[in-house]
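Enquirer: Please find one structure pasted underneath; my questions will follow.
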Amino acid sequence: MNTNFHQFTATSLQGKEIAMVDYKDKVIIVVNTASKCGLTPQYEGLEKLYKDYKDKGLVILGFPCNQFGKQEPGTEKEISEGCLINYGVSFPMFSKIEVNGKNTHPIYAYLKKELKGTFGNNIKWNFTKFIIDKNGNPYKRFAPVTTPEKLRKHVEDLLKK
């Protein structure tokens, strides 16, 4: 059986189990986040992208991760408050996960298998971004330093399909 992104579930920051099939027919950006990282200001760009395209079919899913330099040490409540207060994040955020190693979240195990990185499969740092098309197929992987603005053209192209 073919696997696609819509077969997975994840727990929201509020503790609710969310089925990825809820995002069927949407272009999805999946990003591992951290609130104490040099790249944390990317939250602003992600939020802008989300606001610009959410009514056209884009959703951004943030997955906090503490595996890189322990840059996401907070509790779910602290992460939620920090994202909202500091960056006005309104896109869905999920509970803290691991993106590498034996406890890798199934969503990340799948995305890493489908879209290899430049230097192997492992996630290298916070704010690695994956775009998934409306049918749940992984489309493209972007390095942590790739700004959300650089994803705009890809999002627009996929929204038109």
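Enquirer: If only one of Ser12, Ser90 is touching a strand residue (DSSP E or B) at 6+ places or on another chain (Cβ under 8 Å) and of a type in the set (S, T, N, Q), which one is it?
Expert: Values: Ser90 fails: touching a strand residue (DSSP E or B) at 6+ places or on another chain (Cβ under 8 Å).
Only one candidate qualifies: Ser12.
Enquirer: For the structure I just gave you, tell me whether Val59 is in contact with a strand residue (DSSP E or B) (Cβ under 6 Å, 6 or more places away or on another chain), within 21 Å of Lys153 (Cβ to Cβ) and surrounded by fewer than 19 Cβ atoms within 10 Å (Cβ to Cβ).
Expert: Numbers: in contact with a strand residue (DSSP E or B) (Cβ under 6 Å, 6 or more places away or on another chain): yes; within 21 Å of Lys153 (Cβ to Cβ): yes; surrounded by fewer than 19 Cβ atoms within 10 Å (Cβ to Cβ): yes.
In short, yes.
Enquirer: Tally time: how many residues in segment 88-121 are over 16 Å from the mean Cα position of the chain (by Cα) and surrounded by 17 or more Cβ atoms within 10 Å (Cβ to Cβ)?
Expert: 0
Enquirer: Shifting gears a bit: Is it true that some residue in segment 14-29 is under 24 Å from Pro138 (Cβ atoms), surrounded by fewer than 20 Cβ atoms within 10 Å (Cβ to Cβ), among the acidic types (Asp, Glu) and out of contact with any Ser or Thr (no Cβ under 7 Å at 6 or more places or on another chain)?
Expert: yes
Enquirer: Do we have Ser35 as in a loop (DSSP other than H, G, I, E, B) and within 25 Å of Lys160 (Cα to Cα) here? Steps first, answer last, please.
Expert: Working: in a loop (DSSP other than H, G, I, E, B): yes; within 25 Å of Lys160 (Cα to Cα): no.
Spelling it out, it is not the case that Ser35 is in a loop (DSSP other than H, G, I, E, B) and within 25 Å of Lys160 (Cα to Cα).
Enquirer: Contact list please: Cβ distance under 8 Å, first residue in segment 99-114 and without any contact (Cβ under 8 Å) to a residue 40 or more places away in the chain, second residue among the acidic types (Asp, Glu), pairs at least six apart or on different chains.
Expert: Once the first residue is without any contact (Cβ under 8 Å) to a residue 40 or more places away in the chain and sits in segment 99-114, its partners that are among the acidic types (Asp, Glu) give Thr104/Glu98.
Enquirer: Here is a follow-up. Taking the condition of being basic (Lys, Arg) and in contact with a strand residue (DSSP E or B) (Cβ under 9 Å, 6 or more places away or on another chain), how many residues in segment 15-37 meet it? Walk me through it before giving the result.
Expert: Step one: of segment 15-37, the residues basic (Lys, Arg) are 16, 24, 26, 36.
Filter once more, keeping what is in contact with a strand residue (DSSP E or B) (Cβ under 9 Å, 6 or more places away or on another chain): 26.
So the count comes out to 1.
Enquirer: A further question follows. Could you list, in sequence order, all residues of segment 19-38 that are over 14 Å from the mean Cα position of the chain (by Cα), in contact (Cβ under 8 Å) with a residue 60 or more places away in the chain and closer than 18 Å to Ile79 by Cβ?
Expert: Matches in segment 19-38: Cys37 only.
Enquirer: Quick check on segment 132-146: of everything there that is surrounded by fewer than 21 Cβ atoms within 10 Å (Cβ to Cβ) and under 13 Å from the mean Cα position of the chain (by Cα), which residue is nearest to Val21 (Cα to Cα)?
Expert: Pro138
Enquirer: Only one of Gly88, Gly62, Gly74 is of a type outside the set (Val, Ile, Thr) and farther than 20 Å from His105 by Cα. Can you tell me which? Step through it out loud before you land on a result.
Expert: On the way: Gly62 fails: farther than 20 Å from His105 by Cα; Gly74 fails: farther than 20 Å from His105 by Cα.
Checking each option against the conditions leaves just Gly88.
Enquirer: If you don't mind, another one. What are the pairs, 6+ residues apart or on separate chains, where a residue within segment 73-89 that is farther than 17 Å from Gly15 by Cα has its Cβ under 6 Å from a residue that is in a helix (DSSP H, G or I) and modelled with pLDDT under 90?
Expert: Every condition considered, the pairs that remain are Val89/Cys83.
Enquirer: May I pose another question? Looking at segment 136-161 only, could you name the residues that are among the basic types (Lys, Arg), farther than 23 Å from Leu39 by Cβ and in contact (Cβ under 8 Å) with a residue 60 or more places away in the chain?
Expert: Kept after step one, since they are among the basic types (Lys, Arg), are these residues of segment 136-161: 140-141, 150, 152-153, 160-161.
The next check asks that each one be farther than 23 Å from Leu39 by Cβ; those that pass are 160-161.
Residues satisfying the conditions do not exist here.
The values are calculated or read from the model by the stated rules, or taken from the named source; none is laboratory data. What you see is a predicted model, and the numbers here were worked out from it, not measured in a lab. Glycine gets a Cβ as well: all are built from the backbone with ideal geometry, and neighbour counts include every protein chain shown.
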